[in-house]
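Worksheet for the structure shown next.
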Amino acid sequence: MSLLDLAPVVPVVVVDDAATAVPMARALVAGGLPLIEITLRTEAALEAVRRIAAEVPDAVVGAGTVRTADDVTAAVEAGSRFLVSPGTTPGLLAAMLASGVPFLPGVATATEAMTLAERGVRELKFFPAEAAGGVGYLKSLGGPLPDVRFCPTGGITPATAASYLSLPNVACVGGSWLTPADALAQGDYARVEKLAAEAAALRSR
């Protein structure tokens, strides 16, 4: 089974305080979302990955906003079980291919998707989803690129997620609404679990 089939929504999480990582991850898993992307946008990110990998065995934790080969190395060493990038350069692709873990390289155009498909990579992140054309654009890619599956991320909300998930070439979506900054700051993990349960109930077909 592909990672993309574990849940309809992948939480995309910015962690400012590593102390919130484990209870946050437990809440997401309890709500039915085991796949968790920790973005490498803060100093706490790698420590958050380490703690979740060590203490939440039912979580499948990965690193997002992976931009360089050094990011790949650091993320894998921290315990990331998958990698996600906002875009894809030749050097980054080489590092991700060599990493030994699944990865979702970011694309925003048909040419980028075709280039990666030539390399045998057919599960991709579509980013920034809303700004790059949204549901209509992905629907248009389905005909010429029937063997490529996407996880669109960027600007997706609970109100629009179902529209994306209705497309046959969309396996799941990435969402940042599942872990509101104020909920994490206040330790309101019940709210995180509730949001996760609502997202887990979404079905693509």
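The values are calculated or read from the model by the stated rules, or taken from the named source; none is laboratory data. These figures come from a predicted structure and were not determined experimentally. A quick note on method: Cβ atoms are made from the backbone with ideal geometry, for glycine too, and the neighbour counts reach across all protein chains shown.
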Out of Ala161, Ala95, sole residue that is of a type outside the set (Phe, Trp, Tyr) and either modelled with pLDDT under 95 or more than 19 Å from Leu35 (Cα to Cα) (or both): Ala95
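Per-residue answers, yes or no, for (1) part of a helix (DSSP H, G or I); (2) surrounded by fewer than 21 Cβ atoms within 10 Å (Cβ to Cβ); (3) among the hydroxyl-bearing types (Ser, Thr, Tyr):
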site: Ala54; (1), (2), (3): yes, yes, no
site: Asp58; (1), (2), (3): no, yes, no
site: Gly62; (1), (2), (3): no, no, no
site: Arg67; (1), (2), (3): no, yes, no
site: Asp70; (1), (2), (3): yes, yes, no
site: Ala75; (1), (2), (3): yes, no, no
site: Gly87; (1), (2), (3): no, yes, no
site: Gly91; (1), (2), (3): yes, yes, no
site: Leu97; (1), (2), (3): yes, yes, no
Residue in the stretch 114-128 that is touching a Leu at 6+ places or on another chain (Cβ under 6 Å), among the basic types (Lys, Arg) and under 18 Å from Leu4 (Cβ atoms) present: yes
Unmet criterion (only one of (1) surrounded by 24 or more Cβ atoms within 10 Å (Cβ to Cβ); (2) of a type in the set (A, V, I, L, M); (3) assigned to a helix (DSSP H, G or I)) for Val29: (1)
Answer residue from the stretch 1-37, given it is of a type in the set (Val, Ile, Thr) and within 19 Å of Ala200 (Cβ to Cβ) and is farthest from the chain's Cα centre (by Cα) among those: Val29
Pairs where the first residue, in the stretch 45-70, is small (Gly, Ala, Ser) and the second is crowded, with 23+ Cβ neighbours inside 10 Å and in a helix (DSSP H, G or I), C-beta under 7 Å, 6+ apart: Ala48/Ala21; Ala59/Ala25; Ala59/Ile52; Ala63/Val49; Ala63/Ala75
